[in-house]
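The values are calculated or read from the model by the stated rules, or taken from the named source; none is laboratory data. No experiment lies behind these values; they were computed from the predicted model shown. Here the Cβ positions follow ideal geometry from the backbone for every residue, glycine too, while neighbour counts run over all protein chains shown. Side chains included, ligands, DNA and RNA excluded: accessible areas come from the protein's heavy atoms. Shrake-Rupley method; radii C 1.70, N 1.55, O 1.52, S 1.80 Å.
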Amino acid sequence: MLDFPADQAAGLRGLAPPTGPHLVAMVSHGDDQTELPLLWRLCSALVSLGYAVTVLDATKRESEANPGLSQHLEYNFRHKEEEQDAPGWSVIPSALGIQNLSAETTLPVQRLQRLAPISSPNGVVILYAKAEWLALLLVDSGVTPLLAVSSVKNSLLTSYLALKRLLLNARLAPTILNMMGERQSSATANPANVTSHLSDCARNFLGYEVNALNIDLCADETRLDAAMRRLSTHLLETAIPLSFPRSRGAYQARTQPADRFARAF
């Protein structure tokens, strides 16, 4: 195999981002009423930024009638570029595929490489899955999975368990999003209180300081769309390329876990 020459431009080549699709992640922790509308808004925001988006929905199981990621991986289907390659988004059922990919004994970077042909070139792949699967696939990757906290009953418990798995099993610090402005009922709690309790639990039991972002669902569409674009940009900052980096050093630079838990968003 050819080695890159050790000249004055070697450092700059290592800093150049690899071409190809990039991956971001979103945690599924049982709050579909909050997570799915947020996921669609995230897709819309990324499309507005000019990206073609592929959602790997690991909450949906593939079947013969509704094939998805497992069939892509088995038969090595590749994304077919359209003439214009216009930005848009597609959703692929992925429960079996992600579960099988997580069980493989290869390195995480090699498993993620297998997802590259599914997306359009220079597109964005959103992996929507349970925290335990994200922890297996994205360990030490530097991704900041989106973790939404709402007023829905049990959101505190499920979001804390997801946070714990990501921190302890994968050394990933998620982007925690406080979903403000929801309509409340007797079965729900104030989302600000839920986030505050989550922060207390994380500090007391995990030694982790939660720095949540806020999204006001009652804001007008213009402000809400602007907030979602900012969130999308934030997630893209830690997105990982679904292709092998040109040098080992470049990959190691992206996957250093040091001081991840102390990061403020």
Roughly how many Å² of Trp40 are accessible to a 1.4 Å probe, to the nearest 10?
90 Å²
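By per-residue mean of other Cβ atoms within 10 Å, what is the highest-first order of 54-63, 225-234?
Values: 54-63: 20.0, 225-234: 16.4.
The peptides rank, most packed first, as 54-63, 225-234.
Quick one: in region 20-164, what % of C-alpha pairs are over 22 Å apart?
The proportion of pairs with Cα distances above 22 Å equals 38 percent.
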Arrange the peptides 106-112, 121-127 so that the one whose residues have, on average, the most other Cβ atoms within 10 Å appears first.
121-127, 106-112
Computed accessible area, Tyr51, all protein chains, 1.4 angstrom probe, square angstrom:
70 Å²
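Accessible area of region 111-230 with a 1.4 Å probe: how many percent of it is carbon plus sulfur? Mind showing how you got there, number by number?
Numbers: 2540 of 5070 Å².
Here it works out to 50 percent.
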Peptide ranges 151-157, 216-222, 204-210 listed from the most packed, as the mean C-beta count within 10 angstrom indicates:
151-157, 204-210, 216-222
